[in-house]
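Q: Below is the structure I would like to discuss, written out as structure tokens.
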Amino acid sequence: MGEFVTSLLSRVPLGIDVPDPLRMLFEWVDDNGFVRRRDDGELFGYLSAQGLRGPGTNLMLYGCTSDGVENCVTAWFGLKLHDFPDGPPRLWPFCRTGSDGSQAALWADPDGRTRIVHLGSGSGSLLTCVLGDDAVDFLRLVAIGYDEICWNEDWHQPPQPEPDRQVANEPYRRWVTSTFSTTIPATALEIVPFPSEMGDADTDDVWCRWVNALS
């Protein structure tokens, strides 16, 4: 394994299982050299050599350290770790989904299943839902080509062209379709048909319901 993958996987908390497709994404990013090192030594992965200026959906892969997980959990939920009634969530934020600070994370639900969930920043995106039935669905969602996947109000239509922005990240799309023998849908609602937002009272989304129960 390359340095980027080794670094990410060394940070996964106990109780969290990294799905193989997500692990393969980390390896694909590493193998292609889509990794940058910050001045303090931190490594960040992207879906193209252009980083956040590349085509398609812009993700920044990083993987929280244990301190980062604690800071994220206490800030996002507004609770100290000892204040969670059944213990703090088994959560590992692993990428930034939007410039507003929204993130995607692996979450071990109460039944022990690891899911990819969205943590909207609250100051921008309110999206609070499971991002697909499994990790391949998450990769397919990213391949559709929305500039950022934190804005679900755009999910009813295909990504819209913008000046100086290429919608499709063709190398990434080809990797997803060929590696997992799958297709890329036209819209995000084909993967997440009922995207829940913070505080949705009637949601069936397991993550949003769990979050709501803490408020």
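The values are calculated or read from the model by the stated rules, or taken from the named source; none is laboratory data. Please read all numbers here as calculations on a predicted model, not as lab measurements. Only protein heavy atoms, including side chains, enter the accessible area calculation; ligands, DNA and RNA are left aside. Shrake-Rupley method; radii C 1.70, N 1.55, O 1.52, S 1.80 Å.
Q: Note down the accessible area of I184, probe 1.4 Å, to the nearest 10 Å².
A: Roughly 30 Å² of I184 is accessible to a 1.4 Å probe.
Q: Now for a different question. Hey, what number do you get for the chain at 222 nm if only DSSP H runs of n ≥ 4 count, each worth -39500 (n - 2.57), divided across all residues, to the nearest 500?
A: Computed mean residue ellipticity for the chain: -8500 deg cm²/dmol.
Q: Taking springs between alpha-carbon atoms closer than 10 angstrom, which of T57, T183, T114 fluctuates most in the Gaussian network model of the chain?
A: Largest GNM mean-square fluctuation: T183.
Q: Report the accessible area of W175, computed with a 1.4 Å probe over the heavy atoms of all protein chains in place, in Å² rounded to the nearest 10.
A: Its accessible surface works out to 40 Å², give or take rounding.
Q: OK, next. Computed over the Cα atoms of the stretch 1-69, what is the ratio Rg over Rh, Rh following Kirkwood?
A: Rounded to two decimals, Rg over Rh is 0.96.
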